[in-house]
Amino acid sequence: MTDGDRHAGEDVREGEARSQSTAEAFRPDPAGLRRGVELLTDRAVPGALPVEMPEVGVGGVAALEALAGPVLGGARSFGTPGFFAHMDPPTPWVSWVMAMWSASLNQNLLHEDTAPVAREIERRVVGWLAPLLGMNGGHMVPGSTVANLTALWAAREAGASTVVAGPDAHISVAKSAHILGLHFRTTDWRDPGGLESAVAVITAGTTASGDIEALDAASGAAWRHVDAAWSGPLRLSPRHSHLLDGIENADSVAVSAHKWLFQPKESALVLFRDPGSAHESISFGASYLRSPNVGILGSHGASAVALMATLVAYGRTGVVAWIDRCMDLANRLAGLVDDHPDLELRSAPRSGIVCWRLRGESPEETVSRVAPEIGLSWTVIDGERWVRSVAANPMADPELVISAVAGDKPLPSVSSQA
Ligand SMILES: Cc1ncc(COP(=O)(O)O)c(C=O)c1O
């Protein structure tokens, strides 16, 4: 045997060992996956993140142990009774499993052959939800920022050259106009000016206060888009659907599933009254594609899988029960604020967002004084600062929040009031 033969043999053995450990990284490891679930459900304490990129790895389970502290322990928890702050909801556990399945399968919805079932799942979920929002189809996108951009792109292709929006439109509307090279102006809708070449963006559930702009505004516009990123899911609720009457007259609707449909990020829908021509106007073909690429995204994942699982697990009525409960919690919080001599309520909440404040203390101070046990946000409306509580958490406890802010004794829990 020559030196060369010996080295070749070692290379083969090393190569086999490497491919063995490579395969282990890509095969399910039941013990590792179980440990991941244990760590998720344990109470993790915050820890330090790695500073340098390791040259040699520690292995899967050791990596989970190392990252549980910083990733899980350091995260903001959206389902705790004190969290009454932002539009980010807790997510049902069935969606966590779907997120894991999706990460494992890594389907790419750009191509039919890399997502044979996932594309159909998206078609079905869109088909279930679009009619409830008065639309006939559309597709999923990572958030309503992209939904708004996509809808305004379709509006531009249909001839709109100006974006006209209410004063409290989300920043993604002005941003989209900028990207698309469209002129942008705001209006209070009382006298919106000429709209014949405009896409009118009507906000159903403004970011700051949850106000719902008149959905019959801008009837003369070339294209009417309703940004229902936050409040769109109210349309699924028999108790609250009337708040969005008129949405069915829009040309397009944006709704975030990762807000009031309790989905993991990144999950939203852009919906169209005429999805055939809207999609055609924003599609591009290429030699490597069997069907044209619709919309803004190229490679993208299967966010519809978690949404389908949530709807299959709990049904429309189950999800609606969470939304209705959130609306009740917002009204309960508003009632407690209104009844309290030291607290001031801006106005009755329209879509689950309560703007309020403690007299004699700035909202920034209030928010930081009660954090992190109590999660609140703050906003500026008409030049005035307010504490902002978004009811995205069906487990939130308004009494706990009021007691922390105003220093009261705890009041009876909300569940005993129901
Ligand atoms: C009214 C409105 N439109 C659009 C968006 C953007 O949605 P996303 O965060 O899903 O991109 C938001 C987010 O808060 C919003 O409140």
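So how do 101-113, 316-328, 394-406 stack up, highest first, on mean other-Cβ count within 10 Å? Before the final figure, lay out each step's value.
Details: 101-113: 14.5, 316-328: 18.5, 394-406: 21.8.
Taking the mean over residues of other Cβ atoms within 10 Å, the ranking is 394-406, 316-328, 101-113.
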- Query: Okay, helix-only estimate at 222 nm for the chain: each DSSP H run of n ≥ 4 adds -39500 (n - 2.57), divide by all residues, round to 500 deg cm²/dmol; what do you get?
  - Reply: -12000 deg cm²/dmol
- Could you tally the net charge around Asn331, taking each other residue with its Cβ under 13 Å from the Cβ of Asn331, Lys/Arg +1 and Asp/Glu -1? 0
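Packing-wise, with mean Cβ within 10 Å as the measure, how do 306-312, 349-355, 225-231 rank, highest first?
By packing density, highest mean first, the sequence is 225-231, 349-355, 306-312.
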- Query: Applying the Karplus parametrisation 6.51 cos²θ - 1.76 cosθ + 1.60 with θ = phi - 60° to the phi angles of the stretch 281-298, what ³J(HN,Hα) value in whole Hz is obtained for each residue in order, glycine and proline being reported as x?
  - Reply: 6, 10, 10, 10, x, 7, 4, 8, 10, 7, 10, x, 7, 8, x, 7, 7, x
- Comparing Thr187, Thr162, Thr91, which has the greatest mean-square fluctuation in the GNM of the chain with Cα pairs linked when under 10 Å apart? Thr187
- Once you have all Cα-Cα distances for the stretch 105-313, histogram them in 10 Å bins from zero and send the whole-percent values. 9, 37, 36, 15, 3, 0
- Between Rg and the Kirkwood Rh of the chain, both from Cα atoms, what is the Rg to Rh ratio? 1.04
- Message: Keeping all protein chains in place and using 1.4 angstrom, which order do Phe26, Phe184, Phe272 fall into by accessible surface area, from largest down?
- Response: Phe26, Phe184, Phe272
- Within-13-Å neighbourhood charge of Pro131 [Cβ basis; K, R +1; D, E -1]: +3
- Using only protein heavy atoms and a 1.4 Å probe, report how much of Asp274 is accessible, in Å² to the nearest 10. 90 Å²
- Principal axis lengths of the stretch 339-389 from Cα atoms, whole Å, largest first? 27, 24, 22
- Task: Run the 1.4 Å probe and let me know the accessible area of Val58, rounded to the nearest 10 Å².
- Result: 110 Å²
- Item | trypsin sites (Lys or Arg not before Pro) restricted to DSSP loop in the stretch 163-240 with at most 14 other C-beta within 10 Å | Arg190, Arg239
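Applying 1/(1 + (r/R0)^6) with R0 = 22 Å to the Cβ-Cβ distance of Thr186 and Arg239, what FRET efficiency is obtained, to the nearest 0.05? Can you show the working numbers first?
On the way: r = 32 Å, r/R0 = 1.46.
E between Thr186 and Arg239, to the nearest 0.05, is 0.10.
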- Task: State the percentage of accessible surface on the chain attributable to carbon and sulfur atoms; use a 1.4 Å probe and exclude ligands, DNA and RNA.
- Result: 55 percent
- Message: So for the stretch 318-395, averaging the separation of alpha carbon pairs under 8 Å that are six or more residues apart and normalising by length, what relative contact order in percent results?
- Response: 31 percent
- Message: Going by Cα centres, the stretch 349-377 and the stretch 247-276 are how many Å apart?
- Response: 29 Å
- Surrounding charge for Arg34, neighbours by C-beta under 14 angstrom, Lys/Arg +1, Asp/Glu -1, total -3
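Decide, for the stretch 261-308, between rounded, prolate and oblate: order the square roots of the alpha carbon gyration tensor eigenvalues as a ≥ b ≥ c, take rounded if a/c falls under 1.5, and otherwise choose prolate if a/b is larger than b/c, else oblate.
oblate
Which value, in debye to the nearest 20, gives the size of the charge dipole of the chain about its Cα centre, when Lys and Arg are +1 and Asp and Glu are -1 at the Cβ? List each step's numbers first, then the result.
Working: 33 positive and 48 negative charges, 139 e Å.
Computed charge dipole of the chain: roughly 660 debye.
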- Query: How large is the Kirkwood hydrodynamic radius of the stretch 146-257, in angstrom, based on all distinct alpha carbon pairs?
  - Reply: 13.6 Å
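For the chain, what is the relative contact order in percent, using Cα pairs closer than 8 Å and at least 6 residues apart in sequence?
19 percent
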- Relative packing of 196-204, 71-79, which averages over residues the other C-beta atoms within 10 Å, highest first: 196-204, 71-79
- Message: Just to be sure I understand: if I project the alpha-carbon convex hull of the stretch 77-141 onto a plane and average over all orientations, what area do I get in nm²?
- Response: 6.2 nm²
- When only C-alpha pairs under 8 Å and at least 6 residues apart count, what is the relative contact order of the stretch 23-83, in percent? 42 percent
- Message: Can you list which of the DSSP-assigned H helices in the chain have a Cα extent of 24 Å or more along the long axis and an average Kyte-Doolittle score of at least -1.0?
- Response: 303-339
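The values are calculated or read from the model by the stated rules, or taken from the named source; none is laboratory data. Computed from a prediction, not measured in an experiment: that's the story for all the values here. Using ideal geometry, Cβ is built from the backbone for each residue, glycine included, and neighbour counts are taken over all protein chains shown. Remember, those area values only see protein heavy atoms, side chains included, never the ligands or the DNA or RNA. Shrake-Rupley method; radii C 1.70, N 1.55, O 1.52, S 1.80 Å.
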